[in-house]
Structures are given as C-alpha cells and as structure tokens.
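The next block holds one structure in the form of structure tokens; read it before the comments.
Nothing in this text is a laboratory measurement; each read-out follows from the coordinates by a stated rule. For clarity, every value in this text was computed on a predicted model and none was experimentally measured. Reconstructed Cβ throughout: ideal geometry from the backbone, glycine too, with neighbour counts over all protein chains shown.
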Amino acid sequence: MANILVSACLLGVACRYKGDARPCDWVRALSDQYSLIPVCPEQLGGLATPRSPAEQKSGRVINTKGEDVTASFERGAQAALSLARLNHVACAVLKARSPSCGSGEIYDGSFSGSLIPGDGVSAALLKQSGIRVFSENEQAAFLEYMKTLND
C-alpha cells in the first residue's frame, strides 16, 4: 500500500490559520487504498492555530501583522520533507493556494485574494526533492499518476 503525504486540513483536522479544516471527500476516501500521512507544515514550523493569515511576497512569507514568518514556514517545510522521506511517500496531496502547500498558484502577497503562479514553501521543497505534488483540485491528475505507478 502506497504512502501519500496529505495536508491535514484536507482530512478534517482543524489546523488552518483560522482554526478550521477544509475536508475534501475524495482526499479522505484515499484512506481506503493508501496510507495517508497527515501534515500541517505551518504547525510543524512552530506556528499556533489560529494564526494571522500569511502570504508570500518577494521571497518572504509575511503575515497580516507585517511579521516575517519565513523561518517558521521553512522549518515546517523541512519537517514535511522529513516525514515524506521517512515514510517513502509516492506523492503528496496538499491544500491549494496555501503559502505552505499551494502547488502551481498562490496568493500574491497583497491579501487581496489575487493569485499568481507559484508554489508554497513546502510544496516547492517537496517538488525540488523529487516528490510529485497535487492539490485537492487535481483529482484526475492524481489518479492518473497513481495508475502509472501501479502499471
């Protein structure tokens, strides 16, 4: 049974910055076929829940209070990568648009809801380390990828 790294909030864990979860039915159903390794890089990096919203800007992660929380995001990314390696994950399914977990697009740092191409801190590190990353919006791509692993 393959191991999949998954954003804990997608599994129903109340760890998002607002102290809520974003459960995703298809991601939760993966537990029928795979071993899921829940991860919240922001908590692993030492940030509290709830916490101030944060976005990436100019290579840093800044929260709405103007605090630079980049170091916490980087620590969390390293911890997520360590869990991925320890568990020999096949891939990761992470929360879309998150400053930690976003894959392919993230918020632009203006806190206006505008999106730009890019990856969250953890998603980027996982990708750089050779781990395929999907968001909860990429169910078809995930299923196709897993099929290729089983062929």
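Could you say which residue among A54, A84, A90 is touching a residue at least 24 places away in the same chain (Cβ under 8 Å), under 29 Å from M1 (Cα atoms) and crowded, with 20+ Cβ neighbours inside 10 Å?
A84
With respect to V27, determine if the residue is closer than 24 Å to E138 by Cβ, out of contact with any Cys (no Cβ under 6 Å at 6 or more places or on another chain) and part of a loop (DSSP other than H, G, I, E, B).
Against the criterion (closer than 24 Å to E138 by Cβ, out of contact with any Cys (no Cβ under 6 Å at 6 or more places or on another chain) and part of a loop (DSSP other than H, G, I, E, B)), V27 does not qualify.
Go through the residues of the range 30-39 one by one and say whether even a single one is within 12 Å of the chain's Cα centre (by Cα), surrounded by fewer than 17 Cβ atoms within 10 Å (Cβ to Cβ) and assigned to a strand (DSSP E or B).
There is at least one residue in the range 30-39 that is within 12 Å of the chain's Cα centre (by Cα), surrounded by fewer than 17 Cβ atoms within 10 Å (Cβ to Cβ) and assigned to a strand (DSSP E or B).
Consider V69 carefully, then state whether it is touching a residue at least 40 places away in the same chain (Cβ under 8 Å), closer than 20 Å to D20 by Cβ, among the β-branched types (V, I, T) and surrounded by 15 or more Cβ atoms within 10 Å (Cβ to Cβ). Walk me through how you get there before you give the answer.
Details: touching a residue at least 40 places away in the same chain (Cβ under 8 Å): no; closer than 20 Å to D20 by Cβ: yes; among the β-branched types (V, I, T): yes; surrounded by 15 or more Cβ atoms within 10 Å (Cβ to Cβ): yes.
The answer is no for V69.
So G45 clears everything in (1) over 17 Å from G102 (Cβ atoms); (2) crowded, with 20+ Cβ neighbours inside 10 Å except one condition, right? Which one?
Exception for G45: condition (1).
If you take the residues in the range 99-121 that are out of contact with any Pro (no Cβ under 8 Å at 6 or more places or on another chain) and either assigned to a strand (DSSP E or B) or among the charged types (D, E, K, R) (or both), which one is surrounded by the fewest Cβ atoms within 10 Å (Cβ to Cβ)?
P117
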